[in-house]
1. For a quick check of your reading of the model, give me the residue pairs whose first member lies in the range 109-122 and is polar (S, T, N, Q), whose second is surrounded by 19 or more Cβ atoms within 10 Å (Cβ to Cβ) and part of a strand (DSSP E or B), with beta-carbon atoms closer than 7 Å and at least 6 apart or on different chains.
2. Taking into account only those residues within the range 4-30 that are assigned to a helix (DSSP H, G or I) and of a type outside the set (S, T, Y), which is surrounded by the fewest Cβ atoms within 10 Å (Cβ to Cβ)?
3. Among the listed residues A46, A14, identify the single one that is at pLDDT 95 or above and on the phi < 0 side of the Ramachandran plot.
4. Take the range 85-110 and flag every residue that is crowded, with 18+ Cβ neighbours inside 10 Å, modelled with pLDDT of 95 or more and farther than 14 Å from V195 by Cα.
5. Need pairs with beta-carbon distance below 7 Å; first residue more than 19 Å from R25 (Cβ to Cβ) and within the range 54-66, second acidic (D, E) and not in a helix (DSSP H, G or I); sequence gap 6+ or separate chains.
6. Please verify whether F33 is closer than 18 Å to M244 by Cβ, modelled with pLDDT of 95 or more and assigned to a loop (DSSP other than H, G, I, E, B), treating the condition exactly as stated.
Amino acid sequence: MTTAILSALPEEQASLIARLERAQRLTHAGRSFWKGELCGRPVLLALSGIGKVAAATTATALVEHFGVARIVFTGVAGGLAEGVNVGDVVVAQAFLQHDMDASPLFPRWEVPGYARTRFDCDARLATLLQDAAGNCLSGAGRLPELGDGAHRVHHGLVASGDRFVSSAPEAQQLSQALQEAGHPVLAVEMEGAAVAQVCLDYSIPFAAIRTISDRADDTAHADFAHFVQTVASRYAEHMVQALMRTL
(Lines give C-alpha, C1' and ligand atoms only; values in the text may rest on other atoms or scores of the structure.)
Protein backbone atom coordinates (compact mmCIF):
# COMPACT_ATOMS: atom_id res chain seq x y z
CA MET A 1 0.00 0.00 0.00
CA THR A 2 1.74 3.12 -1.27
CA THR A 3 1.78 6.36 0.70
CA ALA A 4 1.93 9.58 -1.32
CA ILE A 5 3.92 12.44 0.18
CA LEU A 6 2.98 15.84 -1.22
CA SER A 7 4.71 19.19 -0.85
CA ALA A 8 4.21 22.47 -2.65
CA LEU A 9 7.85 23.44 -3.20
CA PRO A 10 10.96 21.48 -4.26
CA GLU A 11 12.89 22.65 -1.20
CA GLU A 12 10.32 21.00 1.05
CA GLN A 13 11.03 17.58 -0.46
CA ALA A 14 14.74 17.75 -1.26
CA SER A 15 15.86 15.75 1.77
CA LEU A 16 13.17 13.11 1.24
CA ILE A 17 14.19 12.55 -2.37
CA ALA A 18 17.79 12.18 -1.23
CA ARG A 19 16.68 9.48 1.23
CA LEU A 20 14.56 7.58 -1.27
CA GLU A 21 15.62 3.97 -1.88
CA ARG A 22 15.14 2.30 -5.29
CA ALA A 23 14.21 5.69 -6.65
CA GLN A 24 12.46 5.91 -10.00
CA ARG A 25 11.32 9.15 -11.63
CA LEU A 26 7.96 9.01 -13.42
CA THR A 27 6.03 11.66 -15.34
CA HIS A 28 2.29 12.09 -15.65
CA ALA A 29 -0.01 15.06 -16.31
CA GLY A 30 3.00 17.30 -16.77
CA ARG A 31 4.31 16.45 -13.31
CA SER A 32 7.25 14.49 -11.95
CA PHE A 33 6.70 11.74 -9.40
CA TRP A 34 9.40 9.90 -7.46
CA LYS A 35 8.61 6.27 -6.73
CA GLY A 36 10.64 4.30 -4.18
CA GLU A 37 10.86 3.32 -0.54
CA LEU A 38 11.35 5.17 2.73
CA CYS A 39 12.10 3.12 5.83
CA GLY A 40 11.24 0.02 3.84
CA ARG A 41 7.76 1.29 2.92
CA PRO A 42 6.55 2.10 -0.62
CA VAL A 43 6.09 5.81 -1.24
CA LEU A 44 5.41 8.21 -4.07
CA LEU A 45 6.80 11.72 -3.71
CA ALA A 46 5.24 14.56 -5.67
CA LEU A 47 5.04 18.32 -5.81
CA SER A 48 1.46 19.52 -5.63
CA GLY A 49 2.18 22.80 -7.30
CA ILE A 50 1.13 26.07 -5.69
CA GLY A 51 -2.55 26.81 -5.22
CA LYS A 52 -5.74 24.80 -4.94
CA VAL A 53 -6.26 23.86 -8.59
CA ALA A 54 -2.73 22.53 -9.05
CA ALA A 55 -2.97 20.63 -5.77
CA ALA A 56 -6.32 19.08 -6.69
CA THR A 57 -4.98 17.95 -10.07
CA THR A 58 -1.96 16.31 -8.45
CA ALA A 59 -4.05 14.62 -5.77
CA THR A 60 -6.42 13.25 -8.41
CA ALA A 61 -3.51 11.87 -10.42
CA LEU A 62 -2.14 10.17 -7.31
CA VAL A 63 -5.44 8.40 -6.74
CA GLU A 64 -6.62 7.72 -10.31
CA HIS A 65 -3.33 6.96 -12.05
CA PHE A 66 -1.08 5.67 -9.28
CA GLY A 67 -3.65 4.14 -6.92
CA VAL A 68 -2.07 5.39 -3.70
CA ALA A 69 -3.59 4.24 -0.41
CA ARG A 70 -3.20 7.52 1.47
CA ILE A 71 -1.91 11.06 0.99
CA VAL A 72 0.19 13.06 3.44
CA PHE A 73 1.01 16.73 2.90
CA THR A 74 4.12 18.36 4.37
CA GLY A 75 5.32 21.91 4.02
CA VAL A 76 5.07 25.37 5.52
CA ALA A 77 2.28 27.73 6.51
CA GLY A 78 1.71 31.14 8.03
CA GLY A 79 0.64 31.26 11.66
CA LEU A 80 -2.68 33.01 12.32
CA ALA A 81 -3.78 32.12 15.85
CA GLU A 82 -2.15 33.68 18.87
CA GLY A 83 0.68 31.51 20.13
CA VAL A 84 1.27 29.77 16.79
CA ASN A 85 4.80 30.97 16.20
CA VAL A 86 7.63 30.53 13.71
CA GLY A 87 9.20 27.13 14.28
CA ASP A 88 6.01 25.58 15.65
CA VAL A 89 4.26 22.72 13.86
CA VAL A 90 0.56 22.50 13.04
CA VAL A 91 -1.01 19.09 12.46
CA ALA A 92 -4.27 19.68 10.60
CA GLN A 93 -7.47 18.34 12.10
CA ALA A 94 -9.52 19.81 9.26
CA PHE A 95 -9.30 22.31 6.40
CA LEU A 96 -11.52 25.03 5.01
CA GLN A 97 -11.24 27.34 1.99
CA HIS A 98 -11.01 30.89 3.28
CA ASP A 99 -11.63 32.32 -0.21
CA MET A 100 -14.78 30.27 -0.88
CA ASP A 101 -17.80 32.58 -0.95
CA ALA A 102 -20.89 31.54 -2.92
CA SER A 103 -23.18 33.74 -0.84
CA PRO A 104 -26.04 34.49 -0.85
CA LEU A 105 -26.75 31.16 -2.53
CA PHE A 106 -24.78 29.34 0.17
CA PRO A 107 -23.36 30.42 3.52
CA ARG A 108 -19.92 32.00 3.31
CA TRP A 109 -17.11 29.37 3.29
CA GLU A 110 -19.53 26.49 2.61
CA VAL A 111 -18.49 24.44 -0.43
CA PRO A 112 -21.47 24.07 -2.79
CA GLY A 113 -22.52 20.48 -3.31
CA TYR A 114 -20.98 19.28 -0.05
CA ALA A 115 -23.12 21.06 2.55
CA ARG A 116 -20.01 21.58 4.63
CA THR A 117 -17.35 24.14 5.36
CA ARG A 118 -14.69 21.89 6.84
CA PHE A 119 -13.03 18.83 5.36
CA ASP A 120 -11.71 16.56 8.08
CA CYS A 121 -8.35 14.82 8.03
CA ASP A 122 -7.96 11.13 8.85
CA ALA A 123 -7.82 10.86 12.66
CA ARG A 124 -5.32 7.98 12.77
CA LEU A 125 -2.90 9.55 10.30
CA ALA A 126 -3.14 12.90 12.09
CA THR A 127 -2.33 11.25 15.42
CA LEU A 128 0.72 9.53 13.93
CA LEU A 129 1.90 12.85 12.48
CA GLN A 130 1.37 14.56 15.83
CA ASP A 131 3.55 11.93 17.52
CA ALA A 132 6.23 12.35 14.84
CA ALA A 133 6.19 16.12 15.26
CA GLY A 134 6.42 15.84 19.02
CA ASN A 135 9.50 13.66 18.70
CA CYS A 136 11.08 16.08 16.24
CA LEU A 137 10.61 19.02 18.60
CA SER A 138 11.65 17.12 21.72
CA GLY A 139 15.12 17.08 23.19
CA ALA A 140 16.00 13.75 21.56
CA GLY A 141 14.87 14.50 18.03
CA ARG A 142 15.18 18.28 17.97
CA LEU A 143 16.76 19.83 14.89
CA PRO A 144 19.70 22.17 15.61
CA GLU A 145 18.37 24.61 12.99
CA LEU A 146 15.54 25.51 15.37
CA GLY A 147 17.87 27.18 17.86
CA ASP A 148 17.27 27.24 21.60
CA GLY A 149 13.71 28.56 21.69
CA ALA A 150 10.73 26.48 22.76
CA HIS A 151 8.49 25.28 19.95
CA ARG A 152 5.10 23.60 20.14
CA VAL A 153 2.95 21.16 18.21
CA HIS A 154 -0.59 22.40 17.55
CA HIS A 155 -3.58 20.40 16.30
CA GLY A 156 -6.59 22.04 14.72
CA LEU A 157 -8.15 23.88 11.79
CA VAL A 158 -6.10 25.17 8.83
CA ALA A 159 -7.32 27.56 6.11
CA SER A 160 -6.38 27.35 2.43
CA GLY A 161 -6.79 29.93 -0.30
CA ASP A 162 -5.31 31.10 -3.56
CA ARG A 163 -3.54 34.00 -1.95
CA PHE A 164 -0.25 34.35 -0.08
CA VAL A 165 -1.36 36.19 3.06
CA SER A 166 1.44 38.61 3.83
CA SER A 167 0.15 41.64 5.71
CA ALA A 168 -0.76 41.99 9.36
CA PRO A 169 -4.14 43.70 8.70
CA GLU A 170 -5.19 41.01 6.22
CA ALA A 171 -4.12 38.20 8.55
CA GLN A 172 -5.95 39.78 11.48
CA GLN A 173 -9.11 40.38 9.47
CA LEU A 174 -9.11 36.82 8.13
CA SER A 175 -8.51 35.29 11.55
CA GLN A 176 -11.16 37.43 13.24
CA ALA A 177 -13.84 36.78 10.61
CA LEU A 178 -13.33 33.02 10.81
CA GLN A 179 -13.16 33.05 14.60
CA GLU A 180 -16.45 34.94 14.87
CA ALA A 181 -18.08 32.39 12.55
CA GLY A 182 -16.94 29.52 14.77
CA HIS A 183 -13.84 28.57 12.79
CA PRO A 184 -10.76 29.13 14.99
CA VAL A 185 -8.03 28.78 12.37
CA LEU A 186 -4.46 28.08 13.46
CA ALA A 187 -2.63 28.66 10.19
CA VAL A 188 -3.07 29.62 6.55
CA GLU A 189 -1.63 28.07 3.36
CA MET A 190 -2.62 27.48 -0.26
CA GLU A 191 -3.24 23.79 -1.00
CA GLY A 192 -4.46 21.57 1.84
CA ALA A 193 -8.21 22.15 1.58
CA ALA A 194 -8.20 21.18 -2.09
CA VAL A 195 -6.37 17.92 -1.41
CA ALA A 196 -8.70 17.19 1.51
CA GLN A 197 -11.72 17.64 -0.77
CA VAL A 198 -10.31 15.29 -3.41
CA CYS A 199 -9.50 12.69 -0.76
CA LEU A 200 -13.06 12.89 0.56
CA ASP A 201 -14.38 12.30 -2.97
CA TYR A 202 -12.27 9.16 -3.31
CA SER A 203 -12.52 7.98 0.32
CA ILE A 204 -8.72 8.17 0.67
CA PRO A 205 -7.16 8.90 4.10
CA PHE A 206 -5.49 12.31 4.16
CA ALA A 207 -3.42 14.13 6.75
CA ALA A 208 -1.21 17.21 6.70
CA ILE A 209 1.54 18.72 8.78
CA ARG A 210 2.67 22.31 8.35
CA THR A 211 5.69 24.03 9.84
CA ILE A 212 5.10 27.68 10.68
CA SER A 213 7.51 29.68 8.55
CA ASP A 214 6.07 33.14 9.23
CA ARG A 215 3.22 34.95 10.93
CA ALA A 216 1.40 35.79 7.66
CA ASP A 217 2.26 39.44 8.26
CA ASP A 218 4.41 42.13 6.67
CA THR A 219 7.60 40.09 7.26
CA ALA A 220 6.13 36.94 5.69
CA HIS A 221 7.94 37.21 2.37
CA ALA A 222 11.43 37.36 3.88
CA ASP A 223 10.66 34.86 6.64
CA PHE A 224 9.11 32.40 4.22
CA ALA A 225 12.02 32.28 1.79
CA HIS A 226 14.62 31.87 4.54
CA PHE A 227 12.65 29.21 6.39
CA VAL A 228 11.94 27.09 3.33
CA GLN A 229 15.61 27.11 2.37
CA THR A 230 17.04 26.29 5.79
CA VAL A 231 14.51 24.25 7.77
CA ALA A 232 11.45 22.99 5.86
CA SER A 233 13.18 20.14 4.04
CA ARG A 234 14.74 18.86 7.26
CA TYR A 235 11.39 18.94 9.01
CA ALA A 236 9.84 16.88 6.24
CA GLU A 237 12.70 14.40 6.27
CA HIS A 238 12.52 13.69 10.00
CA MET A 239 8.76 13.72 10.45
CA VAL A 240 7.89 11.69 7.35
CA GLN A 241 10.48 9.05 8.20
CA ALA A 242 9.06 8.81 11.72
CA LEU A 243 5.59 8.42 10.22
CA MET A 244 6.64 5.73 7.77
CA ARG A 245 8.13 3.64 10.57
CA THR A 246 4.69 3.46 12.22
CA LEU A 247 2.56 2.55 9.17
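The values are calculated or read from the model by the stated rules, or taken from the named source; none is laboratory data. Just so it is clear, the model here is predicted, and its values are computed rather than measured. Counting neighbours? That spans all protein chains shown, and the Cβs are built from the backbone with ideal geometry, glycine included.
1. Qualifying pairs under 7 Å: T117/L96.
2. Looking at the filtered set, the residue picked out is A18.
3. A46
4. Result: V90, V91, H98, M100, W109, E110.
5. Short answer, once both residue conditions are applied: A55/E191.
6. The answer is no for F33.
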